[in-house]
Amino acid sequence: MRAYRRHVTVRAYSSDQPPAAGRPLRELFADRYSPVRTVDLPLLGAAVALTILGTLLVYSATRNRTDLTGGDPEFFFLRHTLNGAIGLGLALLLVWLGHRRLRDAVPVLYLSSIVLSLAVLSPLGSSINGSRSWIQLGGGFAFQPSELVKIGVILAMATVLSAHLESDRLERPGVRTVLQALTLAAVPSVLVLLAPDVGQTMVIAAIALGILLAAGTGRAWLLGLAGVGVATGVAVWQLGVLDEYQVNRFAAFANPSLDPAGVGYNTNQARITIGAGGLTGEGLFNGGQTTGQFVPEQHTDFIFTVAGEELGFVGSGGIIALLGLVLWRACRIAARASDLYGTLTAAGIVVWLAFQTFQNIGMALGIMPVTGVPLPFLSYGGSSMFAVWAAVGLLLAIGVRSRERL
């Protein structure tokens, strides 16, 4: 309750009110519009550094892959660079718009994600690596709607929960509000699972639980939802919703020695590649396992193996530190947000990036099943890059707004 009262108190002094007596307008203008004073530079710098590192790692993983590049070793390097530049521009646009202005467009964003998820299940959808999760745009470009779904779910749940809590001045959401928020997460989750895309479904589920926890939902709700999640997983397994290759992935995770030349090949080679890097690595572009193309999907799902081999424990640890810096700054922004909507949005982004990072690095290390989720900022993929940079833009916008209130 104390945190919620802080939000109400801060909102009472909005920038729409007249400036405080005796404070120069020039000072207020500078506080509000100077990017150096308002943008969270550590967060922005860490995101840029990770994107640059990802570009180098993607180039290392693909420069010798003539089967993917068509003979152009810089094909993926240039595309990843372009994706990062577009993502940065999208983030700056969101900072300029502001997260509260974007709130008015939440219904459109959410419904768009639903429509696109339905389109994936129609003849418009296409399968990549066994998952029907993409819409081909032509020219070699494809869009993955599940990335938009994550943003839509975060903003929709934050909107519903904050509206009820603020209007009724409640400590925690009521049953009806929780059910509404869960429905907003459940509908796209089912559509993504039907693709089937288990990894992204797990990310959406984690986001929903994180936002409910940040909103002060009771412990009984969270325990009940965890039980429902376990029951749903068992039902999905028993009803044959998953494709055979996905079942084999979970089987290989449960038994790492199972068919090392078949279903266990990816994880075995990933661990060998990371272990080959030792403390300081074999040097950027000098990884023997990477050059030999022993790890499948190394530029996407297993990009962390390139860092492990070529940059070693020190370099890959540095990447984890940068990802930790992003999460730390996001947590600070969530704690200092000027409104509950901003707090819940930032909290959802924190859970999203944290869970996806743990899942991706975990499957490279063999401590999590292979589910095909990308490593934020580093894995190749335009949809993923745009989504994580949109998340950074939302965080920066929330941070700017909170500093305007100080």
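Taking all protein chains as present, what is the carbon and sulfur share of the accessible area of the stretch 88-161, in % to the nearest whole number, probe 1.4 Å? Please list the in-between numbers first.
On the way: 2490 of 3390 Å².
Of the solvent-accessible surface of the stretch 88-161, carbon and sulfur hold 73 percent.
Once amide H atoms are built 1.01 Å from N in the peptide plane, which residues 5 or more positions from residue 142, or in another chain, come under 5 Å H to H?
Amide H neighbours of residue 142: 137.
Give, as a single signed number, the net charge of other residues whose beta carbon lies under 15 Å from the beta carbon of residue 310, with Lys and Arg counted +1 and Asp and Glu -1.
Details: positive: 63; negative: 282, 309.
That works out to -1.
Considering only the other residues whose Cβ falls under 12 Å of the Cβ of residue 288, what net charge follows from Lys and Arg at +1 and Asp and Glu at -1? Could you put the intermediate results ahead of the total?
On the way: positive: none; negative: 282, 309, 310.
Result for the neighbourhood of residue 288: -3.
What is the local net charge at residue 278, summed over the other residues whose Cβ is closer than 14 Å to its Cβ (Lys, Arg +1; Asp, Glu -1)?
Numbers: positive: 271; negative: 282, 309, 310.
Every neighbour counted, the sum reads -2.
For the ranges 303-312, 210-219, what's the packing order if you count other beta-carbon atoms within 10 Å of each residue, average per peptide, and put the highest first? It would help to have the intermediate numbers written out before the result.
Values: 303-312: 27.9, 210-219: 19.5.
The densest-packed peptide leads the list: 303-312, 210-219.
The values are calculated or read from the model by the stated rules, or taken from the named source; none is laboratory data. Only a predicted model underlies this, so the values are computations on that prediction, with no experimental measurement involved. Counting neighbours? That spans all protein chains shown, and the Cβs are built from the backbone with ideal geometry, glycine included. These accessible areas exclude ligands, DNA and RNA; they are computed on the full protein's heavy atoms, side chains included. Shrake-Rupley method; radii C 1.70, N 1.55, O 1.52, S 1.80 Å.
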